[in-house]
Amino acid sequence: MRAFWHHDNKENDRQEPSHSELSLIPGWSIALAAIAFLAAQYLFHFVLPHHKPDMLPMRLMMSYSCGTLLASYVLMIGYVSRDVRRRGMSAPLWMLIVIIMPGGVGAVVYFLLRQPMLTRCPHCSTEIASTFHFCPQCQFQMAPVCGQCFRGVQITDVYCTQCGHDLAEDHSPARLRVFRD
């Protein structure tokens, strides 16, 4: 027997997180990325001298590579500008770090140090990290846990991966209850 979340459409649930992450990129960033890509093409094909026709493949490769790299950097700046706000961090500080640090190092630093996503407890509206299994204010159970060792488990687990406890013996809240085949 296996346990499952009750979903109306599992396919849409799997695709939603990546779609919602891409929707964080603002329109100004997409437009600026397209302009940056086209500017790199203009620079390599019209501004820089090209006396040797046998170097055209190399010129094309360099122009597309530099344009893509520049456009990706602009898109990353746009993503960080919105992601930093939803995580409750200082937007001006992180935008300055991402833009000023050379070679994309600022974006790497941002992704290493960013705060976890916060969600609201449905019971008391306290903002908590999305990784919490229980609300620290009202003990509302946010995610399934093992009834013996109290470590987090997947909703599809039949036995706890840490202690081997049979999860069917636990009396989970109705909103986390699973149905059996």
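Quick notes on this structure:
- Residue in the range 76-96 that is in contact (Cβ under 8 Å) with a residue 40 or more places away in the chain, of a type in the set (F, W, Y) and under 25 Å from S23 (Cα atoms) present: yes
- Filter result for P173 (at pLDDT 80 or above and either open to solvent by 80 Å² or more (accessible area, probe 1.4 Å) or over 24 Å from the mean Cα position of the chain (by Cα) (or both)): no
- When the range 131-167 is filtered for residues that are open to solvent by 70 Å² or more (accessible area, probe 1.4 Å) and either in contact with a His (Cβ under 6 Å, 6 or more places away or on another chain) or among the polar types (S, T, N, Q) (or both), the ones remaining, listed by number, are T131, Q137, Q139, Q148, Q154, T161, Q162.
- Restricting the range 31-84 to residues that are more than 29 Å from R114 (Cα to Cα) and aromatic (F, W, Y), the residue that is surrounded by the fewest Cβ atoms within 10 Å (Cβ to Cβ): F46
- The set of residues in the range 112-130 being surrounded by 12 or more Cβ atoms within 10 Å (Cβ to Cβ) and closer than 19 Å to Y73 by Cα consists of R114 alone.
- Checked against the criterion of being part of a helix (DSSP H, G or I) and in contact with an Asp or Glu (Cβ under 9 Å, 6 or more places away or on another chain), the candidates D54, D83 yield just one match: D83.
The values are calculated or read from the model by the stated rules, or taken from the named source; none is laboratory data. Small disclaimer: the values here were computed from a predicted structure and weren't measured. So basically every Cβ, Gly included, is an ideal-geometry build from the backbone, and we count neighbours across all protein chains shown. For accessibility, only protein heavy atoms count, side chains too; no ligands or nucleic acids. Shrake-Rupley method; radii C 1.70, N 1.55, O 1.52, S 1.80 Å.
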